[in-house]
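Novice: Sharing a structure, written as structure tokens. Questions coming.
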Amino acid sequence: MISQSVNNTENVVTNTAYLFVALIPYVFLWVKQKLIAIAGMLLLLFFIIQGAKRGALIVALMGCLVFVYYLLSSVEPKKRVQGFLLVLVGIGLLSMYVYDFYISNEFLINRMQKISDGGSGRDFIYLNLLNNWYESNSIINYLFGFGFVSTIKYSGSGHLAHNDWLELLTNFGLIGVSIYFLVFYAAVRFIYDSSVQKEYKLIMLAIVLMWFFQTLFSMYYTSSQTAFTSILLGYLFGSHQYNKKDKKHTQADYKRKWQ
């Protein structure tokens with residue numbers, strides 16, 4: 001961001017903001033040390049706001065909402081008032097900073113106001129891709145799409161879809177969209193699994209919400225930042241399976257002891 005500013009770029013918008021967005025779920029791992037967790041979240045939000053990416057701000061907001069709920073729900077009953085005050089102070093300071101930055105940044109104000117104008121040409125791209133797939137009149141294209149990165153050819157602007165679902169529909173047809181949907185289905189099942197720890201559920205909820213919203217107006221599954229999410233998903237599923245096996249072994253040892 002600094003490099004682009006030095007090169008006389010007056011209004012800097014950078015996808016680097018999504019890198020910091022991808023790190024938001026990691027802050028949940030330190031929620032028991034609330035000061036560290038809040039400080040970490042504020043630091044990430046500082047860089048996300050500096051990036052001036054509308055999509056990154058919206059996705060980050062989803063993660064922040066779950067984070068605030070997690071903080072409030074993890075407060076011990078004896079320290080509930082103290083915990084609530086700490087969280088409220090953190091939210092208040094963040095809100096003041098965001099408001100001050102927004103008011104003093106005409107570029108960001110203009111970008112936010114242009115959301116209703118088609119999202120930087122996204123409405124044009126979306127319509128072209130959807131019409132191209134629908135009017136192909138080919139069962140092969142309906143099911144398997146037109147091939148990898150074919151969105152550049154059919155978007156009408158030479159760009160990718162900026163929407164995971166349309167990207168998949170164009171490249172891999174209904175098969176690709178269905179597989180992607182099953183990934184979300186597995187994540188939602190994890191959230192509703194009664195045997196999963198509350199901490200893991202809330203981290204997964206933050207990931208799913210942020211992931212889903214990003215698929216609507218940006219690229220997620222092809223983004224390099226997805227690697228950070230993949231690492232955390234592996235940790236969540238792996239830890240849950242390990243805990244289940246450990247619990248079964250403990251129960252088995254207990255039965256053998258009394259037999």
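Laboratory data are not the source of any read-out in this text; all were calculated from the coordinates shown. All values derive from a computational prediction rather than experimental measurement. For neighbour counting, all protein chains shown are included, and Cβ atoms are generated from backbone atoms with ideal geometry for every residue, glycine included.
Novice: What FRET efficiency do you get for Ser104 and Ser73 if R0 is 25 Å and r is their Cβ-Cβ distance, rounded to the nearest 0.05? Mind showing how you got there, number by number?
Specialist: Values: r = 35 Å, r/R0 = 1.39.
Between Ser104 and Ser73 the formula returns 0.10.
Novice: Another one. Using Cα pairs closer than 8 Å and at least 6 residues apart in sequence, work out the relative contact order for segment 127-217, in percent. Write out the running numbers ahead of the final one.
Specialist: Working: 99 pairs, mean separation 24.0, N = 91.
Rounded, it is 26 percent for segment 127-217.
Novice: Which order do peptides 92-101, 208-217, 54-63 fall in by mean Cβ count within 10 Å, highest first? Present the calculation step by step, with values, prior to reporting the outcome.
Specialist: Values: 92-101: 12.3, 208-217: 19.3, 54-63: 21.6.
Packing order, densest peptide first, comes out as 54-63, 208-217, 92-101.
Novice: A 27 angstrom limit on the alpha carbon distance is what I want to check against. Which of Lys34/Lys245; Lys32/Lys245; Lys34/Lys198; Lys34/Lys78; Lys32/Lys201 exceed it?
Specialist: Details: Lys34/Lys245 30 Å; Lys32/Lys245 25 Å; Lys34/Lys198 17 Å; Lys34/Lys78 16 Å; Lys32/Lys201 16 Å.
Violating the 27 Å limit, Cα to Cα: Lys34/Lys245.
Novice: Could you sort 17-24, 66-73 so that the peptide with the highest average Cβ count within 10 Å comes first and the rest follow in order? Mind showing how you got there, number by number?
Specialist: Details: 17-24: 23.5, 66-73: 17.5.
Descending packing order for the listed peptides: 17-24, 66-73.
Novice: If each residue of separation counts as 0.36 nm, what is the full-extension length gain between Gln82 and Leu127 once their alpha-carbon separation is subtracted? Numbers along the way, then the final one.
Specialist: Numbers: separation 45, 0.36 × 45 = 16.20 nm, distance 5.15 nm.
Extra length from Gln82 to Leu127 when fully extended: 11.0 nm.
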